Structures are given as structure tokens and as C-alpha cells.
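Single-structure report; data block below.
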Ligand code: BGC
């Protein structure tokens, strides 16, 4: 059918289909029976578009950002987020949501890390695939972005990334491969940057991997204005140039004349584009009635599972009336939380939908405890830094050892598309204020509303508890109150290492024309496993109000799988959820390998005293390394080491495994 339509189109009609008509819609060709498709950002909620129905009270739902979502380590939460966003899309007439962002967090400095899932390819890929299924099962399309090697924002439209073939495959393409194969996104978005010397929007090598090796059948679209050479992009296999190219007909004619592209290739590109348009246009749409309150509830559940308890000395948390007389809540972010990062992912939710942590803390405390709020710091006020510190001291002047102080800190817009961070610290004034407070007060909890790692100066040893709240969307305020008061037992775990300092053995952000990823496979915990002195909190770390014991690991290969089983017992007195992480290493190997690599994970809910048996199956093919000489994935024979951990640095069980 699509071929038929294409055969009847004029060259001009075909060319016009290959670009956006306006900023938001693809071209509608009524004469040829081609409907238009509406796209919207993404990825943590729908960014309102021209024509957004005004009747949606509450605006779009703001879900926790990607880095929070991956901290849930829960594919059901990723699916729930995708399905929720799809419902918002359907209510607003949107056919494709521009997300998820699946690039690896190579450096903590990348400004878009809050929009990306993890430093690990398997975790990124699995969460991404579940999110995509959540969206697409409702009849809405996704755009898996930014393909590929878009790991910094500085000079993102110019920079060339050089990386060796094995690292490219095993670290940077792997999450896309998993997401494409398991998620089947309607579109993949080619990134701005160059990869191995060629702009991603015209990168035949990348497109061939996508099409020929991963059998990707959807449409390849460009990031906004990312196409530099129109004929080269369509010759490589692009299917849609974003946003508008008014001269596309001219450009393609020139391409044909110069022998860069053929008419047949243009037809193929149009066919693929039309397949995508028709697939989405006819996709069964979710029947479910749209409930804005229901959406909020979903965002709350995800936020609850994302919140990550980094430290909890002497069980300073959860808050109970037996433990504390008064609660001091400090910092403007308690009242007005930082719920998302900056750039194209901003979601215009309505103020009335945003839960304030302060209000929720007041509700949770009820008549049992007095809650004293002091804004005392929020935005940086350099001229009055001394005064701010004095205000902070004054805010807690009556605080006693029977009271609790909860300080909310954030990053003041340091996390945004288009910019990278210069360092991994809070603003100095924040560190100084928390230090002053923690000298005066015995029980201090610091809640970090950030989308990625921030390393404190001078207060982390003094604070009794540190809670990573993430940029947790519109319902994060209630989620954090419920975690602080123990109504929700925290179960988030870090999807990225929190280091003590910026490692100095790699170029974090390329400032010239090109950057080479000389650290190769040593990204995230693959590096910190050999440099444990530089870890503040390791990959996979997150505490609970209960404790878990791991026992009885049995690991064996059966057929084309590795089968593992072990038991986890909840040894505490409250119910909780534990994320068990399965890492595999190989000491004797022809390949230069990291100590261990995440191959699977599972999250289990366990009642106090209960033991749950966990079974995990890992396809043997997941143990493969990319053999550059043979251009193929190879599973080495011999002995492997299996590690089951509560984090990358908290390995509870290990065993050897033989692959014949
Ligand atoms: C961003 C994409 C986004 C697009 C449309 C680009 O600048 O890199 O992630 O989807 O704009 O807003």
C-alpha cells in the first residue's frame, strides 16, 4: 500500500514529506491520503503544544525525570511512566513523544544527565525499553534519542566523538540496542554531534547498525536542525528532517544531480516514513478514561520508588513522635521544590498539581509534632552570603537534641540541556549553611533535590541522614514526606556512581572540535571498581528502613542461558523492597575486561521475616564481548565469576560459572 502511494507522488510531494511542515506537525497530504503526525517533547511529560486542549485541568503530568526513574530499578515503574505520559499525549492529540533519552552518563558534568538513565548500558537499555513499551502499548509513538554518543552539551552541534569500536558497541550503543530490540520504538532520533567523523544525522555506519544488525523497522528522524547535509542524510537512510526545511526539494534535486543520492533511496526513505505515519495513525488508542488525579497518583508511586536513602546513621530516620519533639524544615525548596531540569524536557504542569514537601510534612506530622519552617536560603545571594549564614544560624537557635532538622538543597538550575556543569559540587553557600546547621544541631537530614550527583563539602560526615530525592516530578513532595515519616520504605538505588571528586584521568567535556573517549570501557563503576577510594556512594547503593540477608546462590549454565537462584530474607521488622544486582566478570580472558559488569537485576518486595526465592535467567549471548578483529560478538568459554550484590560495592554472594 505504501509503495503504491509513493509511486503516485510527485518528486515535490515526496520531498515535502521528508521534513516537518511546521515546528510541530508532519506534512498532511489530503490528496494522497496521508495524515499528519503531531510530536511533542518529552520525555518526562508532554510539553504543551499549539492547540493543546485547554480543558486539561492541571496541565501535563510531570513525572520524575529519567535519572529518578532508573533509580527505581523497576521495569514496572518505567512502563507505568510511559503509559501515563501516553495518556497525556492522547488527551492532547499528540502522536509521538520525543523520548526517552538513553545516552550513557559518561561524565557527571553532562548537563542532561537528569534526562538520561544510567552509566550502565544494561540498566539504561532495560528501563528505556520498558518505558517505550509503556508508551507504545497505548498507541502513541516514542523517539529513542539521541543516537548516538551525545554525552555532553557543550558544542553538541559541532563536536566529533572518537571512540574505539569495542567501547562503542559495549557501552554506548548497547542501551540503544536493548531499547530497539525489546522496546521497538516508532522512531529513533539521530543526535546533533559527529560520531567517528560524521554527523550522526548522516551517519551510514550508525544507521546500518540500526537497520541491518538490530533489524530496526521504525523511522529515523533527526534532532532539531541537526541535518547539515540534506542529500547525505537521506542517502544514509534518514526518514525525516526536523524541524522545517523549506528548500528540501532543491536540496534533494541537487543531491541527485551530484550523485550523492538516488531516486530509489528517496523512495525508500519516504516509504519508511509513511509506514511510520500509518502505523501510528491506525494504532489502537488507549480506551481508558483520562483522570488527571490518577496521573498524579502514578507520578507519586514512581517518585516513592525512586527516592534513594544514601545514609541513615543511628536510624535518625524515619521520623516518629517518639524520636522527635519538633521538626525544623529549612530551605526554599521545601516550599517550592525543584521538580525537573531545564531545556526541551520542561513540563508545564499547573502549580496546583505540584506537591510541596513542606505541606506534606506538616500533614504527616499532624498534631504529633510541631513543624517550624524557615526559608532561610534558596537562591544564591552572593552579596549577602554572610547574612544568609547568620539567618540559618538564627533559624535553628532554639533547636535541641530532641529535635530534627530537615534541610532541602538543590542545584539552582545547573542541570539543563545546552550546558554542562563546571564541577560536581553545590554552590558554596549551600555547603556553608548546612555545615553551620550541622554544627549546632544533632539530628540533621539533608534532602538533595538534584537530577545527578552532587558532592558536598564539609557536611556529609555531620549529617545523620542524606536522602537523594532526585528531580522527582509533581508528586515528589508527598513522596519525600512519606519516605521521611516511614509510610513508604525507601527502595531506590543509585543508577550512577556518586564519586568523592571528579576523576582526573579522562577528558570530561570536549572543548575543541573533537573528543576521544580514551578511558574506553572504564565508565562509571567499571572504573571505580579499581578506584574504590574515589567513591562517595557506589553504583547500586541505596538503604532501606529494614535489612536484607542474601543466601544460597546456585549458578549454572543450562542450554543457552545462565540460571541463577538465591534467597533474600527480610531480617528487619518492616516490609521493604530490595534490588538485587547480578554482576558477571571473567578473570582469565583474551579481552581486557572490567572487574565485573551488570547483567541483570530484580526488585523484590519482602515482608518482615519472610524469605523470597529469586530466580534469574541470563542469555549466554549477554556475556559476549565485541571482537573487533572478527567484527562479531563472542562468548568466551571457561570460568566466569558471578556476583550478587546489594550494590556494586556490597557483594553478598559469589560463585563461579563454567561456559563450555
Ligand atoms: C533536543 C531534543 C528535543 C528537540 C525538540 C533538541 O534540541 O536535543 O531532545 O527533543 O530539541 O525540542
Q: Scan the range 238-259 for residues that are outside any helix (DSSP H, G or I), surrounded by 21 or more Cβ atoms within 10 Å (Cβ to Cβ) and either in contact with a helix residue (DSSP H, G or I) (Cβ under 8 Å, 6 or more places away or on another chain) or not assigned by TED's automatic domain parsing to the domain that holds residue 20 (or both) and jot them down.
A: 238, 239, 240, 241
Q) Across the range 132-151, which residue is nearest to the ligand (Cβ to nearest atom) among those that are more than 30 Å from residue 516 (Cβ to Cβ) and assigned to a strand (DSSP E or B)? A) 142
Q.
Here's a check for you: in the range 241-252, which residue that is touching a strand residue (DSSP E or B) at 6+ places or on another chain (Cβ under 6 Å) and at pLDDT 95 or above is nearest to the ligand (Cβ to nearest atom)?
A. 241
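Just to verify a result, which residue in the range 556-575, among those that are on the phi < 0 side of the Ramachandran plot and either in the same structural domain as residue 489 (by TED's automatic domain parsing) or in contact with a helix residue (DSSP H, G or I) (Cβ under 9 Å, 6 or more places away or on another chain) (or both), is surrounded by the fewest Cβ atoms within 10 Å (Cβ to Cβ)? Break it down into steps so the answer makes sense when it comes.
To start, the set of residues in the range 556-575 that are on the phi < 0 side of the Ramachandran plot comprises 556-558, 560-575.
The next check asks that each one be either in the same structural domain as residue 489 (by TED's automatic domain parsing) or in contact with a helix residue (DSSP H, G or I) (Cβ under 9 Å, 6 or more places away or on another chain) (or both); those that pass are 557, 560-562.
On the way: 557: 16, 560: 10, 561: 15, 562: 23.
Filtering first and then ranking leaves 560.
Tell me which strands (runs of 3 or more DSSP E) are completely within the range 506-617 and hold 1 or more residues being closer than 27 Å to residue 656 by Cα and without any contact (Cβ under 8 Å) to a residue 24 or more places away in the chain, or say none if there are none.
Working: elements: 514-516, 535-537, 548-558, 561-570, 576-585, 597-606.
Correct list: 548-558, 597-606.
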Q) What number of residues within the range 12-33 satisfy the criterion of being closer than 23 Å to residue 254 by Cα, modelled with pLDDT of 85 or more and either in contact with a helix residue (DSSP H, G or I) (Cβ under 7 Å, 6 or more places away or on another chain) or assigned to a strand (DSSP E or B) (or both)? A) 7
Q. Can you find even one residue in the range 115-131 that is touching a helix residue (DSSP H, G or I) at 6+ places or on another chain (Cβ under 6 Å), more than 13 Å from the ligand (Cβ to nearest atom) and under 24 Å from residue 353 (Cβ atoms)?
A. yes
Q. Filter the range 219-232 for residues that are within 16 Å of the ligand (Cβ to nearest atom) and crowded, with 21+ Cβ neighbours inside 10 Å; which is farthest from residue 192 (Cα to Cα)?
A. 219
Q) Within the range 91-114, how many residues turn out to be modelled with pLDDT under 95, away from the ligand (no atom under 16 Å from the Cβ) and touching a strand residue (DSSP E or B) at 6+ places or on another chain (Cβ under 9 Å)? A) 1
Q: Return the residue satisfying two criteria in turn: it lies in the range 324-352 and is assigned to a strand (DSSP E or B) and farther than 11 Å from residue 471 by Cβ, and of such residues it is farthest from the ligand (Cβ to nearest atom).
A: 326
Q: Looking for whichever is assigned by TED's automatic domain parsing to the domain that holds residue 237, under 23 Å from residue 621 (Cα atoms), away from the ligand (no atom under 14 Å from the Cβ) and surrounded by fewer than 24 Cβ atoms within 10 Å (Cβ to Cβ) here; the options are 204, 194, 181. Which one fits?
A: 181
Q | Conditions (1) surrounded by 14 or more Cβ atoms within 10 Å (Cβ to Cβ); (2) closer than 22 Å to residue 305 by Cβ; (3) out of contact with any helix residue (DSSP H, G or I) (no Cβ under 8 Å at 6 or more places or on another chain); number of the one not met by residue 607 | A | (1)
Q. Hey, does the range 455-469 have a residue that's within 18 Å of residue 105 (Cα to Cα), buried (at least 23 other Cβ atoms within 10 Å of the Cβ) and touching a residue at least 24 places away in the same chain (Cβ under 8 Å)?
A. yes
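Counting only residues that are within 16 Å of the ligand (Cβ to nearest atom) and under 19 Å from residue 332 (Cα atoms), how many does the range 410-448 have?
If we filter the range 410-448 for residues that are within 16 Å of the ligand (Cβ to nearest atom), which is where we start, we get 415-420.
Imposing the further condition that a residue be under 19 Å from residue 332 (Cα atoms) reduces the set to 415.
Going through the range 410-448 one residue at a time, the tally reaches 1.
The values are calculated or read from the model by the stated rules, or taken from the named source; none is laboratory data. These figures come from a predicted structure and were not determined experimentally. Glycine gets a Cβ as well: all are built from the backbone with ideal geometry, and neighbour counts include every protein chain shown.
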